[in-house]
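Participant: Shown below is the structure under consideration.
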């Protein structure tokens, strides 16, 4: 799928003979069954609500079901962007629809103008002035446009984390990359007024059971449990390292804590649409967050404390 994308966007020659043969083999042995599980007649799909990762978009295209990721808001009466047919670019939400203009402000916020943008919130002039600026709608979403006009969404402006060192970090990409690991069920990135970025992680119980069954550890029970915990921490550490590979060093996760229970709607930690309530999660797990940073906190003089946070790569201490 990645090779096909390079060819249709003019950035490469497409898949070679070996790759086409591999794909033909998987088509006969795997992909047909996957499409059958999705109904057997699906040829295209659309995605919205939150950005679709590049890896997931390429996966579905690879099995024969291109997914067209789009972007829109209630305040724009529907769509703003969509993938152009035959020129799809995975990891983006496509290009602006005809008649719609998309810009990105200096702070990364996506601005939209056009006939579909609403005139304001009924009876709420204050909220209207906050989002309508010179005829452009301030969406509250963060993103960037590439040279061809494809829009990539990177997070929500209100979710941006500001570390004590003054670094602004959009958590959405890190959280998305963490959840790509099969062991990770949920992830919330923290770090406001902290010396570095951290993460609260919950594990997928089904995959955790499968992972534990495959460990095949030997020895006495106490020793086995300790080795299992070490192996689990190393596996989560690999998930963290994979997430960090998508961001700069200053934006990377340096500390993490695995929580014993998942976030849920009943506990007030997820919205009805299953999105994390960040402020509620940070409040609920304030003790765990403090302990996570204290365990990692440097023990040298305050004058060089920040330097040590920036120099160390060991996320396990």
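Participant: If you take the residues of the stretch 195-212 that are part of a helix (DSSP H, G or I) and touching a helix residue (DSSP H, G or I) at 6+ places or on another chain (Cβ under 9 Å), which of them is modelled with the lowest pLDDT? Quick ask: steps written out before the conclusion?
Facilitator: Initially, the stretch 195-212 is screened for residues part of a helix (DSSP H, G or I), giving 205-212.
Cutting the leftovers down to touching a helix residue (DSSP H, G or I) at 6+ places or on another chain (Cβ under 9 Å) gives us 208, 211-212.
Numbers: 208: 92, 211: 90, 212: 87.
Step by step, filter the stretch 195-212, then rank; the result is 212.
Participant: Moving on. Just for the stretch 1-38: of the residues that are outside any helix (DSSP H, G or I) and within 29 Å of the chain's Cα centre (by Cα), which one is modelled with the highest pLDDT?
Facilitator: Initial filter on the stretch 1-38 (outside any helix (DSSP H, G or I)): 1, 9-16, 38.
Filter again for within 29 Å of the chain's Cα centre (by Cα), leaving 1, 9-12, 14-15, 38.
Numbers: 1: 76, 9: 69, 10: 71, 11: 71, 12: 73, 14: 75, 15: 79, 38: 90.
Looking at residues that are outside any helix (DSSP H, G or I) and within 29 Å of the chain's Cα centre (by Cα), I get 38.
Participant: Additional query: For the condition within 22 Å of the chain's Cα centre (by Cα) and surrounded by fewer than 16 Cβ atoms within 10 Å (Cβ to Cβ), what is the one hit in 79, 72, 149, 135?
Facilitator: Numbers: 79 fails: surrounded by fewer than 16 Cβ atoms within 10 Å (Cβ to Cβ); 72 fails: surrounded by fewer than 16 Cβ atoms within 10 Å (Cβ to Cβ); 135 fails: within 22 Å of the chain's Cα centre (by Cα).
Step by step, each of 79, 72, 149, 135 is checked, and only 149 is within 22 Å of the chain's Cα centre (by Cα) and surrounded by fewer than 16 Cβ atoms within 10 Å (Cβ to Cβ).
Participant: In the stretch 168-194, what residues are in a loop (DSSP other than H, G, I, E, B) and within 15 Å of the chain's Cα centre (by Cα)? Working first, answer last.
Facilitator: Within the stretch 168-194, the first condition is being in a loop (DSSP other than H, G, I, E, B), and the residues that meet it are 170, 180-183, 191-194.
Once the filter is applied, which keeps residues that are in a loop (DSSP other than H, G, I, E, B) and within 15 Å of the chain's Cα centre (by Cα), the stretch 168-194 yields 170, 180, 181, 182.
Participant: Here's another thing I want to ask about it. So is residue 173 within 22 Å of residue 270 (Cα to Cα), touching a strand residue (DSSP E or B) at 6+ places or on another chain (Cβ under 7 Å), at pLDDT 90 or above and in the same structural domain as residue 288 (by TED's automatic domain parsing) or not? Write out each step before concluding.
Facilitator: Working: within 22 Å of residue 270 (Cα to Cα): yes; touching a strand residue (DSSP E or B) at 6+ places or on another chain (Cβ under 7 Å): yes; at pLDDT 90 or above: no; in the same structural domain as residue 288 (by TED's automatic domain parsing): yes.
Judged against the criteria, residue 173 is not a match.
Participant: Do we find a residue being over 19 Å from residue 296 (Cα atoms) and out of contact with any strand residue (DSSP E or B) (no Cβ under 7 Å at 6 or more places or on another chain) anywhere in the stretch 182-198? Walk me through it before giving the result.
Facilitator: Going through the stretch 182-198, the residues over 19 Å from residue 296 (Cα atoms) turn out to be 182-187.
Filter once more, so that each one left must be out of contact with any strand residue (DSSP E or B) (no Cβ under 7 Å at 6 or more places or on another chain): 182.
Yes, because at least one residue in the stretch 182-198 is over 19 Å from residue 296 (Cα atoms) and out of contact with any strand residue (DSSP E or B) (no Cβ under 7 Å at 6 or more places or on another chain).
Participant: Also, quick follow-up: If residue 165 passes every condition in (1) under 19 Å from the mean Cα position of the chain (by Cα); (2) assigned to a loop (DSSP other than H, G, I, E, B) but one, which one does it miss?
Facilitator: (1)
The values are calculated or read from the model by the stated rules, or taken from the named source; none is laboratory data. Model, not experiment: these values are computed from the prediction. FYI the Cβ positions are ideal-geometry reconstructions off the backbone, even for glycines, and counts take in every protein chain you see.
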